[in-house]
Amino acid sequence: MSMSDPVADMLTRIRNAHMVEKKEVNIPASNLKSAIASVMQQEGYIESFSVAGEKATKTLTVKLKYYDEKPVIETLKRISKPSLRVYAKSTEMPSVMNGLGIVIVSTPKGVMTGQNAAAQNVGGEVLCSVS
């Protein structure tokens with residue numbers, strides 16, 4: 001069975017793992033998912049991630065982060081979907097919770113936060129928001 005939105009699947013797996021207080025979650029890997037996990041790690045939303053396996057069976061293992069036994073990630077929301085792509089110019093990057101959260105954007109210069117994209121003066125597809 002083919003998956004129509006692998007990024008939404010990744011975000012849902014992370015949300016579900018947080019709800020049952022798992023320490024880590026395994027996700028089928030791709031370059032885009034690894035880039036999203038990298039941004040989330042740099043911003044302090046997850047502890048770490050690793051990719052294991054070969055070619056078609058690669059697995060992305062994400063170690064979740066908790067603070068006072070509560071998940072660091074409160075909301076994890078997919079913005080751009082296969083049925084409705086959402087793009088933003090560098091001057092029109094959306095803010096999440098008045099700057100307390102981040103948006104993850106896929107730009108020609110790679111996957112980065114909306115704040116970094118605006119600083120580098122590049123726009124792109126708004127993948128998801130994290131807070």
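Throughout, read-outs are computed from the coordinates displayed, never taken from laboratory work. Every value quoted in this text rests on a predicted model; they were computed, and no experiment measured them. Glycine gets a Cβ as well: all are built from the backbone with ideal geometry, and neighbour counts include every protein chain shown.
Tabulated data for the structure shown
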read-out: Selection count where residues are surrounded by fewer than 16 Cβ atoms within 10 Å (Cβ to Cβ) and free of Cβ contacts under 8 Å to residues at least 12 places away in the same chain, scope segment 26-41; value: 1
read-out: All strands (runs of 3 or more DSSP E) inside segment 78-131 with 2 or more residues being touching a Leu at 6+ places or on another chain (Cβ under 9 Å); value: 102-107, 124-130
read-out: Segment 1-25 - residue that is of a type in the set (A, V, I, L, M, F, W, C), more than 25 Å from G99 (Cβ to Cβ) and touching a helix residue (DSSP H, G or I) at 6+ places or on another chain (Cβ under 9 Å) and, of those, surrounded by the most Cβ atoms within 10 Å (Cβ to Cβ); value: V25
read-out: Where a residue in segment 81-108 is among the basic types (K, R) and its partner, wherever it lies, is surrounded by 11 or more Cβ atoms within 10 Å (Cβ to Cβ), with Cβ under 8 Å and at least six apart; value: K81/D5; K81/A8; R85/E125; K89/G123
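Yes/no matrix, rows are residues, columns are (1) surrounded by fewer than 16 Cβ atoms within 10 Å (Cβ to Cβ); (2) closer than 17 Å to D9 by Cβ; (3) hydrophobic (A, V, I, L, M, F, W, C):
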| residue | (1), (2), (3) |
| --- | --- |
| T59 | yes, yes, no |
| Y66 | yes, no, no |
| I73 | no, yes, yes |
| A88 | no, no, yes |
| T91 | yes, no, no |
| S95 | yes, no, no |
| L100 | yes, no, yes |
| G123 | no, no, no |
